[in-house]
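Note sheet for the following structure.
The values are calculated or read from the model by the stated rules, or taken from the named source; none is laboratory data. Given the structure is predicted, the values throughout are model-derived calculations rather than measurements. Positions of Cβ are generated from backbone atoms using ideal geometry, with glycine treated the same way; all protein chains shown enter the neighbour counts. With ligands, DNA and RNA removed, areas are computed over all heavy atoms of the protein, side chains included. Shrake-Rupley method; radii C 1.70, N 1.55, O 1.52, S 1.80 Å.
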Amino acid sequence: MSAEAITALKQNLSHPGKLITVAAQDGQQPLPYEGVSELLVIADSSHNRFLILDAATNTFLEQIGTGRVGYKEGAFGEAEFYHTQGICHFVNPDGQHCLLLCDVKNHLVREANLHTKQVRHISGKKGVRGHDLRGGAVAMSKQELCSPWDIVKAPSGEFIICMAGTHQIWQLDMRSNLCKVFSGSGAEGNANAK
């Protein structure tokens, strides 16, 4: 295979699982990419990485994760994931733009700081498929999770997680340092409360 063909294969997406846009709001510090006002962030799920592009030009800016299956914290170029999926933007207490990331098969929620270019563990026990259907009894960093699939930030400041492995919706609250069930018994089905 030619060098050009190998490069093209490396650049292709494999089962992109999520796409979000990120823009600095009024009063926030600008995004840490010179001349860029809005980002596209893509979970390249089967390549175990997240890609950051300039939304205006679709130009590649940065990759989070090596693309190898594994678990490693640290710099964007050294971090490892195992099936990337959900992504959520937030601004941390220091005013820095960050992403919360669902690392599905490692059963973790992790943070990527776009300013420091570092990935760190937030919630879950690495590689442990959790069976806890309630949560909230231990600090969020020690809370077992079960295939976190997607994550969004609620207007009240908490993060809502789709926990695919337990068929539940969970709530992660960085202020209280807890991650616990928000909705669902853990059983499959549609049994909405009346």
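A few notes on this one:
- Relative contact order for the chain, counting Cα pairs under 8 Å that sit 6 or more residues apart, in percent: 12 percent
- The count of lysine pairs in the range 1-146 whose Cα atoms are under 25 Å apart, excluding pairs fewer than 8 places apart on the same chain, comes to 23.
- In terms of the mean number of neighbouring beta-carbon atoms within 10 Å, the peptides 88-95, 137-144 order highest first as 137-144, 88-95.
- Per-residue surface analysis assigns residue 183 an accessible area of about 60 Å², computed on protein heavy atoms at 1.4 Å probe radius.
- Assigned charges on the beta-carbon of Lys, Arg, Asp, Glu; the chain dipole about Cα centre (debye): 720 debye
- Residue-normalised accessible area of the range 57-194, given per residue in Å² at a 1.4 Å probe: 48 Å²
- Expressed as a whole percent, the accessible area of the chain that falls on carbon and sulfur atoms is 52 (1.4 Å probe).
- Of 128, 109, the order by accessible heavy-atom surface (1.4 Å probe, DNA, RNA and ligands excluded), from most exposed downward, is 128, 109.
- Gyration tensor verdict on the range 1-130 (Cα atoms; rounded if a/c is under 1.5, prolate if a/b is larger than b/c, oblate otherwise): oblate
- Each residue, residue 33 and residue 173, gets one label point 7 Å from its Cα in the Cβ direction; the gap between the two is 3.4 nm.
- Along the axis of the charge dipole computed for the range 82-194 (Cβ charges of +1 for Lys and Arg, -1 for Asp and Glu, origin at the Cα centre), the listed residues 96, 131, 176 are led at the positive end by 131.
- Placing +1 on the Cβ of every Lys and Arg and -1 on the Cβ of every Asp and Glu, with no other charges, gives the range 33-121 a dipole of roughly 320 debye about its Cα centre.
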